[in-house]
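The values are calculated or read from the model by the stated rules, or taken from the named source; none is laboratory data. Small disclaimer: the values here were computed from a predicted structure and weren't measured. Positions of Cβ are backbone-derived with ideal geometry, glycine not excepted, and every protein chain shown enters the neighbour counts. These area figures cover heavy atoms from the full protein model, side chains too; ligands, DNA and RNA do not enter into them. Shrake-Rupley method; radii C 1.70, N 1.55, O 1.52, S 1.80 Å.
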Protein chains: 2
Amino acid sequence: MVNYRQDRLDRTFSALVDPTRRAMLARLERGDGLTVSELAQPFEIKLPAVMKHLDVLDEAGLIVRSKSGRTVTVTLSPEPMREAMDWLSRYERFWAPRLDRLAAYAEAEEAKARRRGK
Amino acid sequence: MVNYRQDRLDRTFSALVDPTRRAMLARLERGDGLTVSELAQPFEIKLPAVMKHLDVLDEAGLIVRSKSGRTVTVTLSPEPMREAMDWLSRYERFWAPRLDRLAAYAEAEEAKARRRGK
DNA sequence: TCTATAGTTCACCATATGGTGAAGTATTGG
DNA sequence: CCAATACTTCACCATATGGTGAACTATAGA
């Protein structure tokens with residue numbers, strides 16, 4: 001298929017399809033700042049495959065790699081997930097049938113936050 | 001099976017990668033219950049391609065098809081998205097470092113732990 | 001009954017994805 | 001300097017994905 005312009009949401013979702021990549025992200029969530037080999041260690045796959053996964057995550061903007069000497073530290077940068085959650089949240093009403101109550105709760109929380117001075 | 005949940009997440013995310021499929025779901029969200037040709041109408045692609053997209057959405061459990069006469073009505077069934085949102089919500093604290101969000105995160109984690117029976 | 005409509009299936013194609021082994025590039029440490 | 005370490009790049013492979021045209025099934029309507 002000819003992909004003229006793969007937008008951010010496309011890249012985010014396709015980065016999240018692969019369970020190896022999701023596991024890498026989950027690992028970084030539990031403890032951020034791992035080297036490439038630390039990240040690779042739990043998986044059966046060889047380093048070139050790990051590299052490709054890191055490239056996908058990097059291009060999706062979900063991780064940042066910083067080189068120091070011969071080691072590369074990978075850190076989480078999950079902001080693109082926010083857009084994905086926003087997209088999904090449109091469908092929330094289908095599984096959360098008491099939307100009015102939830103909306104009221106959210107509003108009350110916001111009011112509380114404002115009272116606290118944001 | 002142990003990997004059942006993971007397989008379902010795989011399928012959900014990979015169904016959501018394609019912008020055509022996301023547009024179809026969005027269309028159903030605005031007005032549920034469209035026939036195959038109504039769903040296909042806004043897109044440039046031919047019916048066989050539409051069929052494949054519907055198969056993917058169906059296998060991901062995101063739509064339901066019901067035949068009546070020679071027309072097939074497609075309805076939304078977005079429950080699998082809930083799991084995807086749950087997965088993403090772990091990362092929410094990275095872009096919303098507000099206290100109430102952190103509390104919600106901690107609560108969700110606790111609930112998850114309880115569900116696992118830990 | 002005959003034909004148009006609605007959808008489905010099939011064979012095929014180009015490109016993307018996720019993996020490999022082998023070889024290369026920097027750094028670090030002895 | 002030399003060897004081990006930590007990636008990185010390359011060529012290649014199998015399978016998946018998203019698309020097509022052609023042909024098919026089944027129902028609706030004149």
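By its C-alpha gyration tensor, with a ≥ b ≥ c as the square roots of the eigenvalues, how is the range B:4-77 shaped: rounded for a/c under 1.5, else prolate for a/b larger than b/c, else oblate? It is prolate, given that a/c is not under 1.5 and a/b is the larger ratio. Each chain gives up part of its surface: A and B jointly bury about 3200 Å² of accessible area, both sides summed, for a 1.4 Å probe.
Which order do the peptides B:47-57, A:63-73 take when ranked by the mean count of other beta-carbon atoms within 10 Å per residue, highest first? Could you put the intermediate results ahead of the total?
Numbers: B:47-57: 15.5, A:63-73: 11.9.
The most tightly packed comes first, giving B:47-57, A:63-73.
Label point of B:S66 (7 Å along Cα→beta-carbon): distances to the other copies' equivalent points are 5.6 nm, sorted ascending.
Summary for B:F94: label point 7 Å along Cα→Cβ; distances to the equivalent points in the other copies, ascending, 2.7 nm. Inter-copy label distances for B:A23: 3.6 nm (label point placed 7 Å from Cα along Cα→Cβ; shortest first).
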